[in-house]
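Taking it in order: structure first as structure tokens, then the write-up.
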Amino acid sequence: MIDCGISTPFPIAYFEESSALGLKRSFYISKHIDFDFEFRELIHKPWFGNRTEILEKFTEFTFKLHENSVNFLDHSPGNTLIVKTENDYEFYLIDLNRMKFETLSFDKRMHNFRRLWLSKTMVKIMSRKYAELYGKTYEETHALMLKHSRNFQLKIDKKKLRRSGRKMKFKT
């Protein structure tokens, strides 16, 4: 990751404990990052300062991941730390145990945004930037990013309802 110019806390050591059945436990130690906020804050605070700029820069960061054939399977709100520098933002990925290194189709790229729990406004901002970077139309990018995002949110909401034992009620 670091060789590709993708920031992640610098690795120091790891330890794996195995049994006859395979991997039992593993530990990973990395340098501590003194971050300013997580991506999650952009979701919960719609009036967050410089939100549009940060979302556009985060989209550039995700595009860089995709261009380097990194499919970060746990691309979720708590797994990106953000550091405000003097005149920019730096993004650090954490919890790196679920990744695939593969060429990503346009559909897979948009699917990779699904776990971020994006609002409609966030999808508009990020799809506009990604379309510009990838060379697709805004409409095509927006439709696909929104579809994957909404499908994921509906799936999680249904799971929560099932666990709670309540029935879903729809307006007619």
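The values are calculated or read from the model by the stated rules, or taken from the named source; none is laboratory data. These numbers come from a predicted model, not from an experiment. Positions of Cβ are backbone-derived with ideal geometry, glycine not excepted, and every protein chain shown enters the neighbour counts.
Miscellaneous remarks
- Taking the listed residues 106, 72, 91, 39, the one that is farther than 16 Å from residue 127 by Cα and either without any contact (Cβ under 8 Å) to a residue 60 or more places away in the chain or polar (S, T, N, Q) (or both) is 72, with no other qualifying.
- Residues being surrounded by 14 or more Cβ atoms within 10 Å (Cβ to Cβ), within 19 Å of residue 38 (Cα to Cα) and of a type in the set (Ser, Thr, Tyr) - total across region 120-148: 0
- Boolean, residue 100 is surrounded by fewer than 19 Cβ atoms within 10 Å (Cβ to Cβ), among the basic types (Lys, Arg) and closer than 20 Å to residue 56 by Cβ: no
- Yes/no for residue 152 being surrounded by 15 or more Cβ atoms within 10 Å (Cβ to Cβ) and under 12 Å from the mean Cα position of the chain (by Cα): no
- Enumeration of residues in region 141-155 that are touching a Ser or Thr at 6+ places or on another chain (Cβ under 7 Å) and in contact (Cβ under 8 Å) with a residue 24 or more places away in the chain: 141, 145
- Within region 50-68, the set of residues being touching a residue at least 40 places away in the same chain (Cβ under 8 Å) and outside any helix (DSSP H, G or I) comprises 68 only.
- Scanning region 69-94 for residues being assigned to a loop (DSSP other than H, G, I, E, B), surrounded by 14 or more Cβ atoms within 10 Å (Cβ to Cβ) and of a type outside the set (Val, Ile, Thr) gives a total of 3.
- Among the candidates 172, 141, residue that is at pLDDT 95 or above and more than 22 Å from residue 8 (Cα to Cα): 141
- Residue ID - nearest to residue 88 (Cα to Cα), chosen from residues in region 10-38 that are polar (S, T, N, Q) and surrounded by 10 or more Cβ atoms within 10 Å (Cβ to Cβ): 30
- Considered as a group, the residues in region 109-132 that are touching a residue at least 60 places away in the same chain (Cβ under 8 Å) and assigned to a loop (DSSP other than H, G, I, E, B) include one that is farthest from the chain's Cα centre (by Cα), and that residue is 119.
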